[in-house]
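Scroll down for the structure; my scribbles are underneath it.
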Amino acid sequence: MSAMGNILVFLRSAIPDWISIPVANTLIVSSTIILLIGLEQFVKKKGYQLQNHILLLVFLLVHSYFTFVEPNLNARIINLSCAYVLVSFQIAFLMLKRAPASMRKITNPVGYVFVGVFTIQFFRIIYLLQNNQKLTDYFKSEAIESLFILTWEIIIISLTYSIFLMYNKQLVIDVNAQEEKFSKAFHAAPFVIMLSKFSDGKIFEVNKNVQSIFGYHPNELIGIKSIDLGIWEHNSDRLKFISDLLSNRIVIEDEYLFRKKSGELFPGLVTAEIISINNEQSIISVINDITNRKQAELKLKNSEASLRELNSTKDKFFSIIAHDLKSPFNGIMGFSEVLSDQVKNNNYEGIEKYAEIINTSSQHAMDLLTNLMEWSRVQTGLIKFNPEYIDVVPMIKSITELLKSASEHKSITISLNSSINFILYADKEMIEVVLRNLISNAIKFTPYKGAINITTVEKENEYVISVVDNGIGIENNVLENLFRIDNSHSTLGTNNERGTGLGLILCNDFIAKHKGKIWVESELDVGSTFYFSLPKN
C-alpha cells in the first residue's frame, strides 16, 4: 500500500489530482496503520483501532480540503506529518513498552526506528509552522525539505531492515524452541528412538534411552548399521521386519526378540516408518522393552490358571464332602426310623445296637462338620496366626493323655521318644490340631495290641516330629492324594472307625502357615510314618 501510494504521488501529472493527492497519501498513512496492526499480532498484544479509523477519516477530509477547496501544500505536508506522529508514537510505544518483556530484546530496534520517525516528523511540523514561505510544488521543495525527505528515506530503509531482522530473530527463537521441545521429547521418551538412512541402514541419530535398554552409549551407534550391532536375536526376524517395511512403508508394534550389549535377550515391540528428512529417505524406528509387560501377562495367566484350578478343586472337594455327609445322615435317618417303629411296637430287641449306630453316625457327621468349619475358617482367613513360645513335649503328652481312652480300647501302647525338651515358636492351637489328627489317625489304623511311637529330632535349621504306627499301611496310589483337597480320602479304621477326610488337609494347611513341611512314608501291612517339620526361626 505504501509503494502504491508513492507511485500514485509520482504520477501526479499523468493522473487526476484526487487520485494522486488524497487517495495516494491516504494509502501511505493506511499502510502505517496496517503495519501497527501486524506488529500487534506479532507481539500478541491486540489493541483498539477505533482512534486510527477516525484518524484516517479526518486525514482524508483535511487532505481533500487543502487540495480542492483551499489548495495548500504546506498544510497537506503538516497533515501527513501529524498522521505519522500519531501512528509512529503508537508503534514505538507498542515495541518498547507493550511488547512482552521476553520479546523486547528483538522488538526494541523497531521501536527505536519509530522513535526516529516520531522525532523527524515532529520537528518537520514545527519547521513548517514557523516557515511562512508557502510551497507550491512538491517536487521543487527547498533544501531543508529535501533533507527531511532524504532522512525519511533512510528511516524507511532502516525500518525495513529492522523489521526483517526482528522477524528472523523470532523465527530463530521459534525454531530453537521447537528443536528444544523435540530434543527433550526425543531423549525423554521411555523407549528407543532410532533414525537411520534408508539407503545404507546407517544410524545417524538415537535417543539417550538406548543406553538403559540396549546398554549402548548413543555415540557408539552413530554411523553403525543395526545388522552390525547384532541387536536382532534371529536374522529371520530382521528380514521379515525389512520386508514388511518395504511393502507397507510402515510397521506397527511387531514383537521380536532383541539382544542387549551384554548379550541378555528381551522381548520388544518395534514400530517403524519410512520418512523423508532433508529430501532423503530415512527410517524412524521405535523399540519398546516389554519385559515387564510380558512378565505381568505371564503372572496374570498363571493367576488365572491357578484360580481356575482352585475353583475346580474346591468344587470337587465340596462334592466329596456332600457325599461323605450324606452317608452318616442316611444312617441316622434310617436307623432312627427303625428305632422309632420298634419303640412304638414295644419291640426293644436290638434298640441298643441301633442307638449306638445312630450315635456313631452322628459323631462322624459332627467331626466332619467341625473339620469343615475349621478348614473354611483357614481358607477365609478367619483363623489368625498367633505364634508363641511353646514346650512341645508336654503338649504331646497332654494329647496322648486326651486320646488314652481310644488307645486303651484297642490295647495300643503309645511311646514318646524325645531326647530333648525344645521350645518352639509356633501357633499352639494349630500344632495341637496337627498332633491330635496324626495321633488319632495312628490309633484308628493300628490293630488291636499295636504300638505307636512319637519321635522328636532336632536338626540344624528345623525340628522334625514323626508319628509311627504298625498299622495297615497305605497304598501308593492313595499316598499321593492324602494332602490334596480335590481328592479327599477316607478309609475305615481297624475297628471300622470312619474318618472325615479333612484332618490331613487341615494339617497340611496349618504346617504351611508355619512354613514347614508334612509328608508320609508307608508300606501295606507294615505301617505308616507321618512326619512334619517346623523351622527353628
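The values are calculated or read from the model by the stated rules, or taken from the named source; none is laboratory data. No experiment lies behind these values; they were computed from the predicted model shown. Note that each Cβ is placed from the backbone with ideal geometry, even for glycine, and that neighbours are counted across all protein chains shown. Just so you know, the surface numbers come from the protein's heavy atoms only, side chains and all, with ligands and any DNA or RNA stripped out. Shrake-Rupley method; radii C 1.70, N 1.55, O 1.52, S 1.80 Å.
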If I take R0 = 30 Å and measure r between the Cβ atoms of ILE157 and PHE93 in this structure, what FRET efficiency does the formula 1/(1 + (r/R0)^6) give, to the nearest 0.05? 0.85
Extension gain from ASP17 to LYS197, taking 0.36 nm per residue of separation minus the Cα-Cα distance: 58.2 nm
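With a 1.4 Å probe and all protein chains left in place, how much of the accessible area of segment 39-114 comes from carbon and sulfur atoms, in whole percent?
About 69 percent, which is the carbon plus sulfur part of the accessible surface.
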In terms of Cα to Cα distance under 27 Å, which lysines are near enough to LYS536, apart from those fewer than 8 places away along the same chain? LYS384, LYS397, LYS428, LYS459, LYS513, LYS515, LYS517
So, R0 is 56 Å and r is the distance between the beta-carbons of ASP174 and ASN72; what FRET efficiency does that work out to, to 0.05? 0.70
To two decimal places, what compactness ratio does segment 32-116 give when its Cα radius of gyration is scaled by 2.2 N^0.38 Å? 1.27
Considering only C-alpha atoms, what is the centroid distance from segment 147-223 to segment 1-78, in Å? 42
Pairs LYS344/LYS410; LYS184/LYS260; LYS169/LYS225; LYS46/LYS169; LYS105/LYS208: which are spaced more than 32 Å apart, C-alpha to C-alpha? LYS344/LYS410; LYS169/LYS225; LYS105/LYS208
Starting at 0 and stepping by 10 Å, how many percent of the alpha carbon pairs of segment 206-305 end up in each bin? 14, 42, 32, 10, 2, 0
Answer with one residue from ASN279, LEU221, ALA296: the one whose Cα lies farthest towards the positive end of the charge dipole of segment 216-296, charges on Cβ with Lys, Arg +1 and Asp, Glu -1. ALA296
Would you please give the FRET efficiency between ASN278 and GLN130, computed as 1/(1 + (r/R0)^6) with r the Cβ-Cβ distance and R0 = 51 Å, to the nearest 0.05? 0.25
